[in-house]
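The values are calculated or read from the model by the stated rules, or taken from the named source; none is laboratory data. This is a predicted model, so every value here is computed, not measured. Heads up, the Cβs are rebuilt from the backbone with ideal geometry, glycines too, and the neighbour counts pull from every protein chain shown. Protein only, heavy atoms only, side chains kept; ligands, DNA and RNA dropped before computing areas. Shrake-Rupley method; radii C 1.70, N 1.55, O 1.52, S 1.80 Å.
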Amino acid sequence: MTASPLLDLPGAVAADGVDAPVAAHYGDLFREQRALARGEGFVDLSHRGVVTVSGEDRLSWLHLLLTQHVSELPPGQATEALILSPHGHIEHALYLVDDGTTTWIHVEPGTQQALLAYLERMKFFYRVELADATAEFAVVHLPAGNAAEAPASAAVRELAYGRDLFLPRAELAAAVRDFGPPAGLWAYEALRVEAHRPRLGFETDHRTIPHELGWLESAVHLNKGCYRGQETVARVHNLGRPPRRLVFLHLDGTEEVLPAHGDPVRLTADGPEGRPVGFVTTAVRHHELGPVALALVKRNVAVDAPLLAGSVPAAQEVVVEA
């Protein structure tokens, strides 16, 4: 993915890893967070993959493949869904809306090709057309409260916490002038962590199931027909508990560094080194809460247990009930 043209805006500093094509911040992380929290400005998510599905069978066909009930999805109603492995592990997270003729989907950067390869294998006789629209369309997020008018050329996902716009990429630089001040991805991620919203590739690994992250509530419909991995979803939901759970960590604010993604979470009561009980998924600096993180830990870790996230002392708050 090529760098976003919005990296030319004043103060823009590029992010790293999969987010490198967009800005981490524009010079003032906490100011940008506060603006988003007030419903001002926008976030450049133009590095995310964009997939479109058209054709008269698109919703009934997607309904067979996704964890979400989408066969009767009304135009303009946003939803999210997962694609699971045969064993119920999360492979793709899809954020979608249908405009009446096309289903618009955005996914994690660089994952759209693998998603399309899977979808193409599942077309069979269904009347659907798939396209990688990443080169033509860019995703921009407007926080709840930003009343800026979306261009007529944009598809829109209306969310409780804002709007995701699928903008023609050629219009990106001009369109955002009407959206207010830019906020970088670090500000967006801080608010995501505060809201406990999981992100594929950050809160997930190769064996994550939806129950561990609270994705049952937003991305899985428990009363729909068969889809790949449904047996695991139903079995864990009805008969057992997931082996791990997502937790929210309050980090020691006296430490200058944040733990990195993948750093071990250790139980410090079990000796000076601590017993590994999970790993850090996303750590951020929040404008009100200070340094906080999400982590995936073993279900049986006591809520009041003293922890180390990497080298940082941490206390956990339950996100997903044991």
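Quick notes on this one:
- In the elastic network of the chain, a GNM with C-alpha springs shorter than 10 Å, the most mobile of Gly49, Gly110, Gly100 is Gly100.
- Cut-off under 5 Å, modelled amide H: who pairs with Gly27 long-range: Val13
- For the stretch 247-322, the share of accessible area belonging to carbon and sulfur comes to 51 percent (1.4 Å probe, ligands and nucleic acids excluded).
- Highest-fluctuation residue, Val22, Val236, Val140 considered, GNM on the chain with Cα pairs under 10 Å: Val236
- Among the GluC sites (Glu not before Pro) in the stretch 254-320, those located in a DSSP loop and surrounded by at most 12 other Cβ atoms within 10 Å of their own Cβ are Glu256, Glu273, Glu288.
- 3J(HN,Hα) couplings calculated from phi for the stretch 153-165 with the Karplus curve 6.51 cos²θ - 1.76 cosθ + 1.60 (θ = phi - 60°) are, in sequence order, 7, 9, 8, 10, 9, 7, 10, 4, 10, x, 9, 9, 9 Hz; Gly and Pro show x.
- Whole-Hz ³J(HN,Hα) from phi, Karplus 6.51 cos²θ - 1.76 cosθ + 1.60, for the stretch 252-258, glycine and proline x: 4, x, 7, 7, 7, 10, 9
- Per residue, the chain exposes an accessible area of 43 Å² to a 1.4 Å probe, with every protein chain left in place.
- Compactness of the stretch 149-243 is given as radius of gyration and Dmax, 18.0, 53 Å, from Cα positions.
- Panel note: the C-alpha atoms of the stretch 13-109, placed on their principal axes, show extents of 46, 31, 20 Å (largest first).
- 5 angstrom amide H check on Phe137, placed H, neighbours 5+ away: Arg169
- Each residue of the stretch 67-72 was assigned a 3J(HN,Hα) from its phi angle through the Karplus curve 6.51 cos²θ - 1.76 cosθ + 1.60 (θ = phi - 60°); the sequence is 6, 9, 7, 10, 4, 10 Hz, with glycine and proline shown as x.
- Among Val303, Val292, Val193, the largest mean-square fluctuation in a Gaussian network model of the chain (Cα springs under 10 Å) belongs to Val303.
- Cα centroid separation, the stretch 189-227 to the stretch 66-93 (Å): 11 Å
- Judged by the mean number of other Cβ atoms found within 10 Å, the most tightly packed of the peptides 26-36, 119-129 leads the ranking 26-36, 119-129.
- Applying a DSSP loop filter and a limit of 13 other Cβ atoms within 10 Å to the trypsin sites (Lys or Arg not before Pro) in the stretch 207-272 leaves Arg207.
- Taking every C-alpha pair closer than 8 Å and separated by at least 6 residues, the mean separation divided by the residue count of the chain gives a relative contact order of 18 percent.
- Cα gyration tensor shape of the stretch 170-322, rounded if a/c is under 1.5, else prolate or oblate by comparing a/b with b/c: oblate
- For the chain, taking the reciprocal of the average inverse distance between every pair of different Cα atoms yields a Kirkwood hydrodynamic radius of 20.5 Å.
- Mean Cβ neighbour count within 10 Å, used as a protection proxy, ranking 181-190, 152-161 highest first: 181-190, 152-161
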